[in-house]
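Worksheet: one structure, shown below.
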Amino acid sequence: MYSKKVMEHFRNPKNAGELKKANGIGEVGNTACGDVMKVYIKVEKGIIKEAKFLTFGCCAAIAASDAVCAIVKGKTVDDAMKLTKQDVIDYLGGELPQLKIHCSILGIDALKAAIKDYKEKHA
Amino acid sequence: MKKIYLDNGATTMVDPAVVKEMLPFFSDVYGNPSSIHQKGQEAKRYLTEAREDVAKKLNAGYDEIIFTSGGTESDNLAIKGVAYANRDKGNHIITTKIEHPAVLNTCKALEKEGFEIKYLGVDNEGFVILDDLRKAITPKTLLVSIIHGNNEIGTIQPLEKIGNICREHGVMFHTDAVQSFTKVPINAKKVPVDLISMSSHKIHGPKGVGALYVRKGTKMASIQHGGAHEFKLRAGTENVPGIMGFAKAVKLSSDSDAKRIAKLRDRLISGIEKEIHDVKLNGPRGEKRLCNNVNIAFANVEGEALGSYLDVSGICTSTGSACSSHSLEPSHVLLAIGLDKGLANGTLRMTLSRFTTEEEIDYTIGSLKKYVEKLRKISPLKRVLKDVL
Ligand SMILES: Cc1ncc(COP(=O)(O)O)c(C=O)c1O
């Protein structure tokens, strides 16, 4: 039911794990509604140098979090804020089952929460 | 790589002996059992034999077995058949919150037609509370429909006690025994149950065939109209090859297999409990659990993700969250036993068969340990089980 690319990111999520030196952390979701995602970013001079995630969720949720982290690395915070679900889906090979689209949205929400956290701390 | 198939609750491998049994009924004994010529009567004889074989397993009469297209149809026929035929007596039906969709959605459909349905809750192991059942019965109650062996968590309901309560109140009793049939003995002469649903593909028979036991004298309507087949309760030319395969599967089943499978089940449960911390077995232990069912919640791990890692290493399981099976709500059964939603979404079901081996069980325990650790490492949740129970 998942594309090869999704399964690759699910099986070997390169950006999984905690980021100790993060200066922005965002968490979204709760166990009552399903998935929980936490995104850590390390921002230097307005650029996201590193991004990592922790996810409690299905294959698509893990793959989407991994994709979000991969996409935003090297981007400015402002560019990262413009990330859309289509960007994530495209990065994952262009397809995600209809029921799993929300996973990509959740990943973006976690990223945006991390950026917001960074901005609040560094205003 | 050879697959380890631990999803026998979904369906089973057709036993090679069953396949062999069926083959002549496609191109040799192909007559229509309703035809009066020799070819037809030949098929009719086999059909009757098969009916007797299925009946024997329940200690029932051959004329109490109605062949259907499977468990879903048997559930529909039992519930709608009784509801429509007894409308003059009342409009109330009692069932539970842990039924298979074949029963739940049949009841929901009847609700739209003016029937009133009471959905009984269950205790934390999935047992119906008998006092609640007693209290739920009203003068308008026609039927009680309660699943025998639960397909998700393996709970086996006390049929005799439930049946006795129904008898006391003059209410008919249907049980969905799709998962328990041939695994838990049912003696229809002793147990006061009026209707029993069975399905062939859960017991190493072919798909698309099953049966409904209908106690002699039960007032029933047919829900599919046509010829006078199956004692006028189920119109349509009989699926003779399928029925022959089903009967063969019934004959191949044995109590000793059930005992052996139960041992493997307990090996899997205790292996997981020993090797992995913060896990919870859903449903009861021992004799009151289906011999082939294991259902375990792994704290802080999502079930579909765990199932997918197992799938990649060749182990087929199913999740307790219905997420993977096309809806995002956690299983209604797990919620009914009061499981926290997070745990319900972190639940895996493993269902064994007589073809499951000890090696497969041990390999599965090892793989589970590996993948649960991997997923816990990348999980933002750090909950301890006792805090969520
Ligand atoms: C408890 C229960 N009832 C009914 C069914 C439906 O049976 P069938 O697939 O033969 O229609 C199943 C199987 O999915 C089941 O597990």
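In a Gaussian network model over chain B where Cα atoms closer than 10 Å are linked, find which of B:F355, B:F181, B:F173 has the largest mean-square fluctuation.
Taking springs between Cα atoms under 10 Å, the residue moving most is B:F355.
Once the Cβ-Cβ distance between B:K370 and A:E8 is put in as r, and R0 is 25 Å, what FRET efficiency do you end up with, to the nearest 0.05?
Values: r = 19 Å, r/R0 = 0.76.
That gives a FRET efficiency of 0.85.
How high is the relative contact order of chain B, given as a whole-number percent (alpha carbon pairs under 8 Å, six or more residues apart)?
Values: 782 pairs, mean separation 84.2, N = 389.
Computed value for chain B: 22 percent relative contact order.
Report the FRET efficiency, 1/(1 + (r/R0)^6), for B:E168 and B:Y363, where r is their Cβ-Cβ distance and R0 is 41 Å, rounded to 0.05. Don't skip to the end; give the middle numbers.
On the way: r = 50 Å, r/R0 = 1.21.
Using R0 = 41 Å, I get an efficiency of 0.25.
How far is it, in nm, from the label point at B:A109 to the one at A:K121 when both lie 7 Å from their Cα along the line to the Cβ?
Simple spin-label model gives 5.7 nm for this pair.
Explain nothing, just the number: dipole magnitude of chain A about its Cα centre with +1 on each Lys and Arg Cβ and -1 on each Asp and Glu Cβ, in debye rounded to the nearest 20. Mind dumping the intermediate values first?
Working: 20 positive and 15 negative charges, 69 e Å.
So the dipole magnitude of chain A works out to roughly 320 debye.
Could you tell me which of B:A221, B:H201, B:G338 has its Cα farthest along the dipole of the protein assembly as shown towards the positive end, charges placed at Cβ (Lys, Arg +1; Asp, Glu -1), taken about the Cα centre?
Towards the positive end, the residue furthest out is B:G338.
Tell me whether region B:1-78 comes out rounded, prolate or oblate; compute the Cα gyration tensor, take square roots of the eigenvalues as a ≥ b ≥ c, and use a/c under 1.5 as the rounded threshold. Each step should come with its number before you reach the end.
On the way: a/c = 2.26, a/b = 1.39, b/c = 1.63.
Oblate, because a/c is 1.5 or more while a/b does not exceed b/c.
As I understand it, the dipole of the protein assembly as shown uses +1 on the Cβ of Lys and Arg and -1 on the Cβ of Asp and Glu, about the Cα centre. Which of B:H148, B:I65, B:L212 lies farthest toward its positive end?
Farthest along the dipole direction, towards plus: B:H148.
For region B:16-252, what is the percent of antiparallel DSSP beta bridges, rounded to the nearest 5?
On the way: 11 of 25 bridges.
So the antiparallel bridges in region B:16-252 amount to around 45 percent.
Residue by residue through region B:298-315, which ³J(HN,Hα) values in whole Hz follow from phi under the Karplus form 6.51 cos²θ - 1.76 cosθ + 1.60 (θ = phi - 60°), with glycine and proline marked x?
10, 4, 6, 10, 8, x, 5, 4, 4, x, 5, 4, 5, 4, 4, 9, x, 10
Count the DSSP beta bridges whose two residues both fall in the protein assembly as shown, then state the antiparallel fraction as a percent rounded to the nearest 5. If you can, show how the numbers build up before the last one.
Details: 39 of 57 bridges.
Antiparallel: roughly 70 percent of the beta bridges in the protein assembly as shown.
For region B:192-261 and region A:76-90, compute the distance between their C-alpha centroids and round to whole Å.
56
For a quick check: with amide H placed at 1.01 Å from N, whose amide H comes under 5 Å from A:E50's, ignoring anything fewer than 5 positions away on the same chain?
HN-HN under 5 Å from A:E50: A:K42.
Using a 1.4 Å probe and counting only protein heavy atoms, how much accessible surface gets buried when B and A come together, both sides summed, in Å² to the nearest 100?
1900
Between B:K263 and B:E160, what FRET efficiency comes out of the Förster formula 1/(1 + (r/R0)^6) with R0 = 25 Å and r the beta carbon distance, rounded to 0.05?
About 0.45, to the nearest 0.05.
If you line up the Cα atoms of region B:167-308 on their principal axes, what length do they span on each, largest first, in Å?
Dimensions of region B:167-308 along the principal axes of its Cα atoms: 58, 40, 32 Å.
Classify chain B: rounded, prolate or oblate, from the alpha-carbon gyration tensor (a ≥ b ≥ c, eigenvalue square roots; a/c under 1.5 rounded; otherwise prolate if a/b is larger than b/c)? Walk me through the intermediate numbers first.
Details: a/c = 2.17, a/b = 1.35, b/c = 1.61.
Taking the square roots of the gyration eigenvalues as a ≥ b ≥ c, chain B is oblate.
Within region B:107-196, which trypsin sites (Lys or Arg not before Pro) sit in a loop by DSSP and count at most 14 neighbouring Cβ atoms inside 10 Å?
Values: sites: B:K108, B:K112, B:K118, B:R134, B:K135, B:K140, B:K161, B:R167, B:K183, B:K189, B:K190; in loops: B:K140, B:K183, B:K189, B:K190.
Taking region B:107-196 and a limit of 14 other Cβ atoms within 10 Å, the loop trypsin sites (Lys or Arg not before Pro) found are B:K140, B:K189, B:K190.
From the phi angles alone, apply the Karplus equation (6.51, -1.76, 1.60; θ = phi - 60°) to region B:224-230 and give each ³J(HN,Hα) in whole Hz, x where the residue is Gly or Pro.
With the stated coefficients, region B:224-230 comes to 10, 9, x, x, 8, 5, 6 Hz.
Checking the table A:K42/A:K121; B:K280/B:K386; A:K14/A:K42; B:K251/B:K288; B:K274/B:K369; B:K259/B:K370 against a 19 Å threshold on Cα-Cα, which pairs fail?
Values: A:K42/A:K121 12 Å; B:K280/B:K386 10 Å; A:K14/A:K42 16 Å; B:K251/B:K288 24 Å; B:K274/B:K369 10 Å; B:K259/B:K370 29 Å.
Long pairs (Cα-Cα over 19 Å): B:K251/B:K288; B:K259/B:K370.
Could you pull out the GluC sites (Glu not before Pro) across region B:259-312 that fall in loop regions by DSSP (anything but H, G, I, E, B) with no more than 12 other Cβ atoms inside 10 Å? Intermediate values should be presented prior to the final figure.
On the way: sites: B:E273, B:E275, B:E287, B:E302, B:E304; in loops: B:E302.
Qualifying residues, ordered by number: none.
Quick one: check the C-alpha center-to-center distance for region B:372-387 versus region A:93-123, whole angstrom.
22
Suppose we keep just the alpha-carbon trace of the protein assembly as shown; what are its Rg and Dmax in angstrom?
Rg, Dmax (Cα atoms, Å): 26.3, 92.
Under 8 Å for C-alpha pairs, at least 6 residues apart: give me the relative contact order for region B:24-118, rounded to a whole percent. Can you show the working numbers first?
Working: 76 pairs, mean separation 15.9, N = 95.
RCO, region B:24-118: 17 percent.
Along the charge dipole of region B:16-252, pointing to its positive end and built from +1/-1 on Cβ of Lys, Arg, Asp and Glu, which listed residue (B:F246, B:Y119, B:V54) has its Cα farthest out?
Projecting each Cα onto the dipole axis, the largest value belongs to B:V54.
Given a 1.4 angstrom probe, I'd like the percentage of the accessible area of the protein assembly as shown that is carbon and sulfur, rounded to a whole number. Before the final figure, lay out the partial values.
Values: 11110 of 21480 Å².
Here it works out to 52 percent.
Quick one: what are the phi-derived ³J(HN,Hα) couplings along region B:63-75, Karplus 6.51/-1.76/1.60 with θ = phi - 60°, whole Hz, x for glycine and proline?
Ordered by residue, 3J(HN,Hα) equals 7, 9, 10, 10, 7, 10, 8, x, x, 4, 5, 4, 4 Hz.
How much length is gained if the chain between B:D132 and B:D28 is pulled fully straight, taking 0.36 nm per residue apart and subtracting their Cα-Cα distance, in nm to one decimal?
32.1 nm
Which angle from 0 to 90°, rounded to the nearest 10, does the C-alpha axis of helix B:38-57 make with the longest principal axis of chain B?
50
What ratio of Cα Rg to 2.2 N^0.38 Å holds for region B:242-389? Present the calculation step by step, with values, prior to reporting the outcome.
Details: Rg = 16.0 Å, N = 148, 2.2 N^0.38 = 14.7 Å.
Normalised Cα radius of gyration, region B:242-389: 1.09.
Treat every Asp and Glu Cβ in region B:293-389 as -1 and every Lys and Arg Cβ as +1, leave all other atoms uncharged, and give the resulting dipole magnitude about the Cα centre to the nearest 20 debye. Could you put the intermediate results ahead of the total?
Numbers: 11 positive and 11 negative charges, 72 e Å.
With Lys and Arg at +1 and Asp and Glu at -1, about 340 debye.
Just grab the label-to-label distance for B:D387 and B:S35, each label 7 Å out from Cα along the Cβ direction, in nm (one decimal).
Each label point is offset 7 Å from its Cα along the Cβ direction, giving 7.1 nm.
With both bridge residues required to lie in region B:119-198, what share of the DSSP beta bridges run antiparallel, to the nearest 5%?
Numbers: 2 of 8 bridges.
Once the DSSP bridges in region B:119-198 are tallied, antiparallel ones form about 25 percent.
Could you put B:Y363, B:Y119, B:Y213 in order of accessible surface area, largest first, with the 1.4 Å probe and the full protein assembly present? Please report the intermediate quantities before stating the final value.
Numbers: B:Y363 110, B:Y119 55, B:Y213 0 Å².
These residues rank, largest area first, as B:Y363, B:Y119, B:Y213.
Could you sort out which of A:K5/A:K73; A:K73/B:K341; B:K3/B:K341; A:K45/A:K100 sit more than 26 Å apart by Cα distance in this structure? Numbers along the way, then the final one.
Details: A:K5/A:K73 19 Å; A:K73/B:K341 34 Å; B:K3/B:K341 31 Å; A:K45/A:K100 34 Å.
Over 26 Å Cα-Cα: A:K73/B:K341; B:K3/B:K341; A:K45/A:K100.
The values are calculated or read from the model by the stated rules, or taken from the named source; none is laboratory data. Remember, it's a predicted structure, so these values are computed and weren't measured experimentally. A quick note on method: Cβ atoms are made from the backbone with ideal geometry, for glycine too, and the neighbour counts reach across all protein chains shown. Heavy atoms of the whole protein, side chains included, go into the accessibility calculation; ligands, DNA and RNA do not. Shrake-Rupley method; radii C 1.70, N 1.55, O 1.52, S 1.80 Å.
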